[in-house]
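Enquirer: Mind looking over this structure? Questions follow.
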C-alpha cells in the first residue's frame, strides 16, 4: 500500500510509444551521453560565470540505475549533448525491467551498484549509499541552499545521515497547481461528454456511469486496476480516500494515531462493491493478474472507461493517447466518498523523502558526482531542463515565457521528446519548483497562461462544462499537511518485525483481494472472513507501532522551533 513515487506537476514520465512496447534495459556505450561544472547552457539570456579550471568537473562517464521503465533517449538527444558539451559528464543509464524487488535483491547480494542510483529504503538499509551531508557542505552550494529549509526532514532517522536528494516538492516563490497528479476515481472525457458531464460523488454514481456507457459501447473495458509489484496502491488505497483520509499508504491516522485499515469495514465495503461490479461484467478480469506494462498498454489503447489510480502512475499511457491526438480518451479524476465522509484526496505536495538520486558506495569519485548534480541546480540549467532552449522550445515576450502552438505540439510528441528532452534523467533529479527569480513558473505546466493556452479544445470544453479553469479544481483545496505527513514514506527497516508484518499484510492483500473480487457474490463473505483471519494471525501491532513511533519522532524533530 506504500506509494513509492510522488506525483508531480511536471508531466515528465516517458510515454509509451506503442502498445506492447518493450523498454530497453541499459544503454550501450555508444548511447552514453556525457556533462564541466557550472557553465551555463546555450540559449540562455543570462549566462552564469564560467567554471574556473580549479573547480571544473573532469570528463567522466557515470553509470546510473533508475528504478522505473523508460526508453533510451536518441543518441543525438540535444539536452544530453548540451550536458556533455558544457559539463563533461556522460550518463550511462540502466532502466528497470521486470520486478523491482527482485532486481534490488540481485544488486544487493552482489554489491553490484551503479555510480548513481534512485533512492530506495532497501538500498539504504543495505548500506548502498554514501552519506551526503559533508559533500553538500563542501562542494554543493546550490544543492545546500535548495534543501536548507528541509534539512532535518531529508535525514535518515536511523543514522542521521542524508543518503538521497529528494526529487520533488521543495518549493520557492509561488506554486500554481494547475494539473492534478494524485489519487482519484478517473473517467474518460468522452464518457463524461456523452453522459452530459455528470459529477459522480459516490461509488454508486461512478459505476452507474460506467455501466450505462459500457452498455452502449460493449467493446470498452469498464473498470481497470493494478495489483503488481510495488504498484499495488491502485487496488489497496481507495478505502482510505473514500473514508475521508489522505494518502498515508497502508494506514489511516486519526488524532495522531495510525492503524491499518485492510481488515476494517471501510475496506470490506469497497471490495464488496468491486465484487458486485465484477458480477455485472464491468471489471477487467485480467486487471488483477496483469503487469504494469500491460496496464499502461490498455490505457494507451483508449478502451478503458475508468479506474482508481494516482494520475502520475498511468501518465505514460495517457501521454500515448495525447500523441495519437485521442484527447477524448484521456481522463478526469473525481473524489468519491462514503456517506458522511469529508473529502481529503488532494494534499499539499509533500517532500518526497528518500526518492531521488543517491551516490553509491561503489562510485569512484563522489565529489565529482555531487559537483555535477550541483552544477545543474542553477536557474539557467533548470530552465533548459524544464522549458528547453529559448527560440526552439519556448519564447519570451515582455519577460514572460510561453510556447507557440507548434512548440506545444512537439512537446506532446513522444518521439520528439526522446530526442529533445532529458526526462529519464530529470524525473529523479533535484529540481526547482515554484517560480524563478524572474517570476516565470519553473515549468510550462504551472505557468498559468501557458497552461490554459496549451489546452486542446476538447480539454477547454470539459473545464468549461464544469466551470473550472484547472484540473486541480475537481478536488477540494487542501488544508495544511500534518507535520508527520505522509506516513507511507516512513522507513519500516528491512528485517524488522514491522517490515515483516507489512510485507505479510501486502502479500495477503495481493492474494485474497482478487479472490474476494472475483468470487461469486454469495461466496464473498467467506473469502473476506478467511482474509481477515489471516491478517489477525500476524503481528500487525509491530507495523502500527513503528508507524506511530516515527509519527511522534517526526512531530518532535520536524516542527518549527
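Enquirer: State yes or no: is residue 200 assigned by TED's automatic domain parsing to the domain that holds residue 344 and either in a strand (DSSP E or B) or closer than 13 Å to residue 306 by Cβ (or both)?
Expert: Yes: the conditions hold for residue 200.
Enquirer: Any idea how many residues of region 518-534 are touching a helix residue (DSSP H, G or I) at 6+ places or on another chain (Cβ under 6 Å) and more than 23 Å from residue 286 (Cα to Cα)?
Expert: The total comes to 1.
Enquirer: Among the residues of region 191-214, are any at pLDDT 95 or above and at positive phi? Lay out the reasoning, then the answer.
Expert: Start the filter on region 191-214 by keeping residues that are at pLDDT 95 or above, which leaves 191-214.
Restricting the remaining residues to those that are at positive phi gives 196-197.
The answer is yes, given that some residue of region 191-214 is at pLDDT 95 or above and at positive phi.
Enquirer: Could you tell me which numbered condition residue 404 fails, if it satisfies all but one of (1) buried (at least 17 other Cβ atoms within 10 Å of the Cβ); (2) assigned by TED's automatic domain parsing to the domain that holds residue 93; (3) out of contact with any strand residue (DSSP E or B) (no Cβ under 6 Å at 6 or more places or on another chain)?
Expert: So residue 404 meets the others, but not (1).
Enquirer: Also, quick follow-up: When you go through (1) within 23 Å of residue 323 (Cα to Cα); (2) assigned by TED's automatic domain parsing to the domain that holds residue 126 one by one for residue 428, which number turns out not to apply?
Expert: Only one criterion in (1) within 23 Å of residue 323 (Cα to Cα); (2) assigned by TED's automatic domain parsing to the domain that holds residue 126 is unmet by residue 428, namely (1).
Enquirer: Hey, could you check region 393-437 for residues that are out of contact with any helix residue (DSSP H, G or I) (no Cβ under 8 Å at 6 or more places or on another chain) and part of a loop (DSSP other than H, G, I, E, B) and say which is farthest from residue 449 (Cα to Cα)?
Expert: Top of the filtered list is 428.
Enquirer: Here are the criteria: (1) touching a strand residue (DSSP E or B) at 6+ places or on another chain (Cβ under 8 Å); (2) surrounded by 14 or more Cβ atoms within 10 Å (Cβ to Cβ); (3) more than 25 Å from residue 547 (Cα to Cα). Tell me which single one residue 179 does not satisfy.
Expert: Exception for residue 179: condition (1).
Enquirer: Within region 155-176, which residues are over 20 Å from residue 379 (Cβ atoms) and touching a strand residue (DSSP E or B) at 6+ places or on another chain (Cβ under 6 Å)?
Expert: Pass one, region 155-176, residues over 20 Å from residue 379 (Cβ atoms): 155-164.
Within region 155-176, 163, 164 meet the criteria.
Enquirer: Taking residue 316 and the conditions (1) buried (at least 24 other Cβ atoms within 10 Å of the Cβ); (2) at pLDDT 95 or above; (3) outside the structural domain of residue 414 (by TED's automatic domain parsing), which numbered condition does it fall short on, given that it satisfies the others?
Expert: Every listed condition holds for residue 316 apart from (2).
Enquirer: Return a yes/no flag: does region 256-264 have any residue that is modelled with pLDDT of 95 or more, surrounded by 22 or more Cβ atoms within 10 Å (Cβ to Cβ) and in a helix (DSSP H, G or I).
Expert: no
Enquirer: Out of region 186-200, which residues are touching a strand residue (DSSP E or B) at 6+ places or on another chain (Cβ under 8 Å) and either surrounded by fewer than 20 Cβ atoms within 10 Å (Cβ to Cβ) or within 16 Å of residue 464 (Cβ to Cβ) (or both)? Outline the logic, then answer.
Expert: Here is the first cut: in region 186-200, the residues touching a strand residue (DSSP E or B) at 6+ places or on another chain (Cβ under 8 Å) are 186-189, 191-192, 199-200.
Answer for region 186-200, where residues must be touching a strand residue (DSSP E or B) at 6+ places or on another chain (Cβ under 8 Å) and either surrounded by fewer than 20 Cβ atoms within 10 Å (Cβ to Cβ) or within 16 Å of residue 464 (Cβ to Cβ) (or both): 189, 192, 199.
Enquirer: Now for a separate question. Take region 541-561 and flag every residue that is exposed (fewer than 15 other Cβ atoms within 10 Å of the Cβ) and in contact with a strand residue (DSSP E or B) (Cβ under 7 Å, 6 or more places away or on another chain).
Expert: Of everything in region 541-561, nothing turns out to be exposed (fewer than 15 other Cβ atoms within 10 Å of the Cβ) and in contact with a strand residue (DSSP E or B) (Cβ under 7 Å, 6 or more places away or on another chain).
Enquirer: Out of all the residues in region 369-392, which are under 22 Å from residue 60 (Cα atoms) and in a loop (DSSP other than H, G, I, E, B)?
Expert: Scanning region 369-392 gives 376, 377, 378.
Enquirer: Is there a residue being closer than 23 Å to residue 247 by Cβ and in contact with a strand residue (DSSP E or B) (Cβ under 9 Å, 6 or more places away or on another chain) anywhere in region 452-463? If you could, list the steps in order and put the result at the bottom.
Expert: Step one: filter region 452-463 for residues closer than 23 Å to residue 247 by Cβ, giving none.
So far as region 452-463 goes, no, none of its residues is closer than 23 Å to residue 247 by Cβ and in contact with a strand residue (DSSP E or B) (Cβ under 9 Å, 6 or more places away or on another chain).
Enquirer: Quick one: is residue 392 farther than 30 Å from residue 254 by Cα, within 24 Å of the chain's Cα centre (by Cα) and surrounded by fewer than 20 Cβ atoms within 10 Å (Cβ to Cβ)? I'd like the intermediate steps shown before the answer.
Expert: Working: farther than 30 Å from residue 254 by Cα: yes; within 24 Å of the chain's Cα centre (by Cα): no; surrounded by fewer than 20 Cβ atoms within 10 Å (Cβ to Cβ): yes.
No: the conditions fail for residue 392.
Enquirer: Looking only at region 242-292, count every residue that is out of contact with any helix residue (DSSP H, G or I) (no Cβ under 9 Å at 6 or more places or on another chain) and farther than 25 Å from residue 504 by Cβ and tell me the total.
Expert: Residues meeting the conditions: 2.
Here's the yes/no breakdown for (1) touching a helix residue (DSSP H, G or I) at 6+ places or on another chain (Cβ under 6 Å); (2) over 25 Å from residue 554 (Cα atoms):
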site	(1), (2)
112	no, yes
130	yes, no
133	no, no
149	no, no
167	no, no
187	no, yes
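The values are calculated or read from the model by the stated rules, or taken from the named source; none is laboratory data. Bear in mind the structure is a predicted one, so any value in this text is a computation, not a measurement. No Cβ is skipped: glycine too gets one built from the backbone with ideal geometry, and neighbour counts run over all protein chains shown.
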